[in-house]
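The values are calculated or read from the model by the stated rules, or taken from the named source; none is laboratory data. Model, not experiment: these values are computed from the prediction. Cβ placement follows ideal geometry from the backbone for every residue including glycine, while neighbour counts extend to all protein chains displayed. What goes into the accessible areas is simple: the full protein's heavy atoms, side chains included, and nothing from ligands, DNA or RNA. Shrake-Rupley method; radii C 1.70, N 1.55, O 1.52, S 1.80 Å.
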Amino acid sequence: MMLLTCPWCGPRNSTEFRFGGESHPRPRPDAATPEEWRDYLYFATNPRGWSRETWYHGSGCRRYFAIERHTETNEHRAIDERRAAEARR
Amino acid sequence: MSDPNTPTPNAPTPIARSPIAPINPRVENGWEVSDARSTAALTIADETPLAKVAVRAPFAGAIAGLLGVGFGRAARGPASLQADGLPEALVVGSGPGEWLVLAAPGTSPAVRQRLEALIAGTGEFASVVDLTHGRALMRLRGEDSPAMLAKVCAIDLSDDVVGNGAAFRSSVARLVTDIVRDDCFDARSAGAARGDGVRSYLLHCERSSGQYLFDALLDAGAEFGIEVTGSVRAAG
Ligand SMILES: [Zn+2]
């Protein structure tokens, strides 16, 4: 059993969640090229390491939330928004 | 020829039915209920006739303050709801910005109106929906209930995590269920005089899954000698 920590409900069995995929910043709709849109919609980085992801807690609070998860160890942590903004710069 | 739009003088009053099949059915407060009475140490009762009204409002606004409980907690009250002579209500913080108000059978229109009036005064954007006939509700009662629930629910039910008055939503027998720990302090509780009640949990799910959850709990409770009883409130 893999435990995932929901920011609202605390640690829960991962079967209570639905994976929403990697989350990246959305390109500007009026400025993005078709290639950029295709990349945004269909391509994932799929790193071996820390990945920023969206999850949906369907069997609990029914909220979407974002976490960082290490794809090798399944260690995960709440997102430090300031650090995330710095990483995007 | 009689006019089909004219009500027949002796037309039977409509009877509400729970999704859970009753034992020895009789009608009480307009609902078909079980006439079963059990004194077993572990019992399950269909509490679907209780009024169930859902409120959605900002997580930490004025309405949240009026309702008096936050996400993850349940409490009897609030005084503002009882001011109009309404029976006691159990307010459950069932989700972030989401509440469930439980009250005596037949009171749902009054509870809904009272909540709407309460909310109108705050000016916040909120919704009040009567879910009475759309959900199923049951009560487990007995000291073995946490051991029994542990077979079908992965949450740690110890006092430190789920104490009396705690509420959460999780998977029970693979079904999304709202659980409220609401211990019983009635005369039948051995420890009532000492101030500690009998372990009890309310379980709330979609109406269409009510019979499934009831049967799954009866199955899980068989080894503890679980028995079906009528409404605990009425018996108390
Ligand atoms: Zn959650």
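Tell me, please, whether a residue that is in a loop (DSSP other than H, G, I, E, B), surrounded by 15 or more Cβ atoms within 10 Å (Cβ to Cβ) and of a type in the set (Phe, Trp, Tyr) can be found in region B:54-62.
No: region B:54-62 contains no residue that is in a loop (DSSP other than H, G, I, E, B), surrounded by 15 or more Cβ atoms within 10 Å (Cβ to Cβ) and of a type in the set (Phe, Trp, Tyr).
From the set of residues in region B:148-171 that are touching a residue at least 40 places away in the same chain (Cβ under 8 Å) and in contact with a helix residue (DSSP H, G or I) (Cβ under 7 Å, 6 or more places away or on another chain), which is most open to solvent (accessible area, probe 1.4 Å)?
Of the residues in region B:148-171, the ones touching a residue at least 40 places away in the same chain (Cβ under 8 Å) are B:148-149, B:151-152, B:165-169.
Okay, now just the ones that are also in contact with a helix residue (DSSP H, G or I) (Cβ under 7 Å, 6 or more places away or on another chain), so B:148, B:151-152.
Details: B:148: 0, B:151: 103, B:152: 34 Å².
So the residue we want is B:151.
Check residue B:121 against each of (1) at pLDDT below 95; (2) not assigned by TED's automatic domain parsing to the domain that holds residue B:89 and name the one condition it does not meet.
Unmet condition: (2).
Consider only pairs whose beta carbons are under 7 Å apart and that are at least six residues apart or on different chains; among these, list those whose first residue lies in region A:58-76 and is within 14 Å of chain B (Cβ to nearest Cβ) and whose second residue is assigned to a loop (DSSP other than H, G, I, E, B) and hydrophobic (A, V, I, L, M, F, W, C).
Pairs found: A:58/A:17; A:60/A:9; A:61/A:8; A:61/A:9; A:63/A:8.
When region B:39-53 is examined, which residues are found to be buried (at least 18 other Cβ atoms within 10 Å of the Cβ), of a type outside the set (D, E, K, R) and either assigned to a loop (DSSP other than H, G, I, E, B) or over 18 Å from the mean Cα position of the chain (by Cα) (or both)? Can you show your working first?
From region B:39-53, those buried (at least 18 other Cβ atoms within 10 Å of the Cβ) are B:42-53; that's our starting set.
Going one step further and asking which of them are of a type outside the set (D, E, K, R), we end up with B:42-45, B:48-51, B:53.
Within region B:39-53, B:42, B:48, B:49, B:50 meet the criteria.
Using the structure shown, decide if residue A:8 is open to solvent by 70 Å² or more (accessible area, probe 1.4 Å), within 16 Å of the ligand (Cβ to nearest atom) and in contact with a Lys or Arg (Cβ under 9 Å, 6 or more places away or on another chain).
The answer is yes for residue A:8.
So residue B:141 passes all but one of these: (1) open to solvent by less than 30 Å² (accessible area, probe 1.4 Å); (2) without any contact (Cβ under 8 Å) to a residue 60 or more places away in the chain. Which condition number does it fail?
Result: residue B:141 passes all but (2).
Does residue B:170 satisfy being within 14 Å of chain A (Cβ to nearest Cβ) and part of a strand (DSSP E or B)?
yes
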